[in-house]
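Data first, discussion second: the structure below is written as structure tokens.
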């Protein structure tokens, strides 16, 4: 059996690339394809020496740093990849990878990190944050996203099996594409995060500082609670907003980017890790739970798949209902009452549901069933 694995683009080693890494473990003989490949040499380890076959986007002017400028050409580019000689095509898609062309006798399974967020329900938020609400550039971008929506839905119809990374993404697939999907949670390297029973006095936010992560909301909530200590780890374009929300509060410490060992130590010793974003899944939530640490998260998105909340007999955290400082303050008050019922062991067991071996077993079993004609 000839296998092709198709990824969006290779730029960094992050969440979607960790999925590709495990797909390559499942099918080590597979050939690898992508729109473009600008992955730095130090981050290429997970490819095992493979060099992806890329599209014409790779050779366009300024593509190394500005390949996203060519979003409008990417549907054409992905359709030019010739996969006609493969029995099985597995794509890893959050934009265009699922749009590769396949024919009868080929099985195409697409692992969906999300439908194209900026073309569907998050379009207005994207335009606002990018300063593209008005003017000629704004009008062009709206036209382009309109075209991308039509292509996105049409290309989804050509996939044989859609796999969503969470129940939240399954619902987005249903809404955008009118298709059903199978949920297989992404692989998390829980072994890299050892459980630690003893906890300190701090709460932790570990996040890129970009608008949708809502780190400033957490800082605002803790500024109102001077008796609670907050450590914020991470950097990004939203750092100024976070510092403004924190003000001069002595209980809030912004440490910027830290090394992996220090990040793990802070996770292991935190009273709880706090996540205010609406995430597609939320790998960082699982990593915190692997450390034996409770999670307090905004109650939409992938967090609902991860955090076990009362009345579960072994709770591992809490969800708050609104993306507001008031809602988080109320959740922290509830956490004080719930904390004695949350054990590091329960958090660790919960995290182990999302391990890498489990992902490989589920995705290969799904593919085997469809290859055998047995369906879901």
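The values are calculated or read from the model by the stated rules, or taken from the named source; none is laboratory data. Just so we're clear, the structure is a prediction, and the values are computed from it rather than from any experiment. A quick note on method: Cβ atoms are made from the backbone with ideal geometry, for glycine too, and the neighbour counts reach across all protein chains shown.
Here are some notes:
- Some residue of the range 233-243 being in a strand (DSSP E or B) and modelled with pLDDT of 95 or more: yes
- Residue 86 in contact with a strand residue (DSSP E or B) (Cβ under 8 Å, 6 or more places away or on another chain) and more than 30 Å from residue 171 (Cβ to Cβ): yes
- For the range 138-159, the count of residues that are outside any loop (DSSP other than H, G, I, E, B), out of contact with any helix residue (DSSP H, G or I) (no Cβ under 9 Å at 6 or more places or on another chain), surrounded by 19 or more Cβ atoms within 10 Å (Cβ to Cβ) and modelled with pLDDT of 95 or more is zero.
- Residues that are closer than 18 Å to residue 221 by Cα, in a loop (DSSP other than H, G, I, E, B) and touching a residue at least 24 places away in the same chain (Cβ under 8 Å) within the range 245-261 comprise 247, 249, 250, 251, listed in sequence order.
- Verdict on residue 174 being modelled with pLDDT of 95 or more, under 25 Å from residue 301 (Cβ atoms) and part of a helix (DSSP H, G or I): yes
- Within the range 282-299, the set of residues being at pLDDT 95 or above and in a loop (DSSP other than H, G, I, E, B) comprises 291, 292, 293, 294, 299.
Conditions (1) farther than 18 Å from residue 97 by Cβ; (2) free of Cβ contacts under 8 Å to residues at least 24 places away in the same chain; (3) in the same structural domain as residue 102 (by TED's automatic domain parsing), marked per residue:
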residue: 137; (1), (2), (3): yes, yes, yes
residue: 143; (1), (2), (3): yes, yes, yes
residue: 151; (1), (2), (3): no, no, yes
residue: 157; (1), (2), (3): no, yes, yes
residue: 174; (1), (2), (3): yes, yes, yes
residue: 182; (1), (2), (3): no, no, yes
residue: 195; (1), (2), (3): yes, no, no
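- Criterion applied to 96, 3 was being at pLDDT 95 or above and crowded, with 21+ Cβ neighbours inside 10 Å, and the one residue passing it is 96.
- In the range 45-61, residue farthest from the chain's Cα centre (by Cα) [restricted to those that are more than 16 Å from residue 25 (Cβ to Cβ) and surrounded by 15 or more Cβ atoms within 10 Å (Cβ to Cβ)]: 60
- Qualifying positions in the range 81-102 - farther than 25 Å from residue 362 by Cα and either over 27 Å from the mean Cα position of the chain (by Cα) or free of Cβ contacts under 8 Å to residues at least 12 places away in the same chain (or both): 82, 84, 85
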